[in-house]
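Read through the structure below, which is laid out as structure tokens, and then see the notes.
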Amino acid sequence: MRDGGLGKLQRRMRRFGDTLNPDDAYLSYHDVRLTRGDMQSLKNDWLTDNVREMLLLICSTVTWEANIRIMIIGHLFLGGIDNGRYLEHEFLVQYRSSNIVLLRPSMSFMILQTPNPHSLREALPDFSRTTHVFLPINDCRNVTEAEGGTHWSLLLISIVDGIAFHYDSLPPGNFWEARTVTMKFAALLGRPINYVHLEDSPVQENGSDCGVFVCLSMRHLLLKRLLTANANEKVSMSLGGRKVDARSGRKEMAKIIEGFRKEGERRRSASLSPLGKKSTSPPRIE
């Protein structure tokens, strides 16, 4: 039986795909540059460092005039894209008492590997008013290979409570690394922090979803626990019984990044003159 038009189109698309270089730039978001290879990892592979950097930036929080400022890309953590618009700076004035910081994986790695955490003071944020810190944890032991290793987990340090919660989707996984980071962070702050390894954390079904679990767990803890609680309310930080759909999470992440690429293309097109040369650089979001 001869192939129809659909079969011909699929073969043509496969041939076109073979000509694409995985190192070709796909999107620039602030200081993160995604390649086609990075996007390929979202299908069913380990998330690359670039993808993790961008997705963790989605949840990054900084202080702004005593309010919490959440930088959320493409509404990823609020339910999807709305006609290509995205929420970049959302001021949550009802959470004036919160100051939540997300450290990039490279900073967590520095804390883990540095014998004297006090030497990192100038490189780290000022934690004097911080209530909670999210830290992605990696099992890399090679000091020359930041963000290497084979497994990722999530450490949430509640400075106000003096407790560090470790969420690992492939236990025992990064138990030692997370505990070591907790001890060094306590030394940095000059106060004790109790380390709690949560054994009821959701468990991945394969060997490549750890990065996805970190991103989705952080989203849930941030928006469904920390930012929905009243100032004096006790909040359970356990994820016991929670189901994590890594496959849907990957699709959602890819959809958000694709939305940003289209937004970057729209902005670039609007800024070019009709006679201007076509740009060879990737779409950019600042």
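Within the set Phe109, Phe91, Phe127, the sole residue that is at pLDDT 80 or above and outside any loop (DSSP other than H, G, I, E, B) turns out to be Phe109. Within region 184-195, the residues that satisfy the criterion of being crowded, with 16+ Cβ neighbours inside 10 Å and either within 14 Å of Ser238 (Cα to Cα) or touching a residue at least 12 places away in the same chain (Cβ under 8 Å) (or both) are Lys184, Phe185, Leu188, Leu189, Ile193, Tyr195.
Every residue, every condition in (1) outside any loop (DSSP other than H, G, I, E, B); (2) surrounded by fewer than 17 Cβ atoms within 10 Å (Cβ to Cβ); (3) of a type outside the set (D, E, K, R); (4) in contact with a Lys or Arg (Cβ under 9 Å, 6 or more places away or on another chain), yes or no:
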{"site": "Gly173", "(1), (2), (3), (4)": "no, no, yes, no"}
{"site": "Glu199", "(1), (2), (3), (4)": "no, yes, no, no"}
{"site": "Leu216", "(1), (2), (3), (4)": "yes, no, yes, no"}
{"site": "Leu226", "(1), (2), (3), (4)": "yes, no, yes, no"}
{"site": "Arg242", "(1), (2), (3), (4)": "no, yes, no, no"}
{"site": "Arg247", "(1), (2), (3), (4)": "yes, yes, no, no"}
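Against the conditions (1) surrounded by 15 or more Cβ atoms within 10 Å (Cβ to Cβ); (2) modelled with pLDDT of 85 or more, Gly211 satisfies every one except (2). Given the condition modelled with pLDDT under 95, polar (S, T, N, Q) and either within 23 Å of Met107 (Cβ to Cβ) or surrounded by fewer than 16 Cβ atoms within 10 Å (Cβ to Cβ) (or both), answer yes or no: does some residue in region 175-183 qualify? The answer is no; no qualifying residue exists. Return the only residue of Ser169, Ser153 being touching a residue at least 60 places away in the same chain (Cβ under 8 Å), in a loop (DSSP other than H, G, I, E, B) and surrounded by 19 or more Cβ atoms within 10 Å (Cβ to Cβ). That would be Ser169, the only listed residue that is touching a residue at least 60 places away in the same chain (Cβ under 8 Å), in a loop (DSSP other than H, G, I, E, B) and surrounded by 19 or more Cβ atoms within 10 Å (Cβ to Cβ). The residue of region 39-76 that is surrounded by the most Cβ atoms within 10 Å (Cβ to Cβ), among those that are more than 16 Å from Val214 (Cβ to Cβ) and modelled with pLDDT of 70 or more, is Met39.
Got a number for residues in region 130-150 being touching a helix residue (DSSP H, G or I) at 6+ places or on another chain (Cβ under 8 Å) and either part of a loop (DSSP other than H, G, I, E, B) or closer than 16 Å to Ile193 by Cα (or both)? Show your work before the answer.
Just the residues of region 130-150 that are touching a helix residue (DSSP H, G or I) at 6+ places or on another chain (Cβ under 8 Å), to begin with: 132-140, 143, 146-147.
Then keep just the ones that are either part of a loop (DSSP other than H, G, I, E, B) or closer than 16 Å to Ile193 by Cα (or both); that gives 132-135, 139-140, 143, 146-147.
Selection size over region 130-150: 9.
Restricted to region 156-166, and to residues there that are buried (at least 18 other Cβ atoms within 10 Å of the Cβ) and of a type in the set (Val, Ile, Thr), the residue that is modelled with the lowest pLDDT is Ile159.
The values are calculated or read from the model by the stated rules, or taken from the named source; none is laboratory data. Quantities reported herein were computed from a predicted structural model and do not represent experimental measurements. Every residue, glycine as well, gets a Cβ built from its backbone with ideal geometry; the counts of neighbours run over all protein chains shown.
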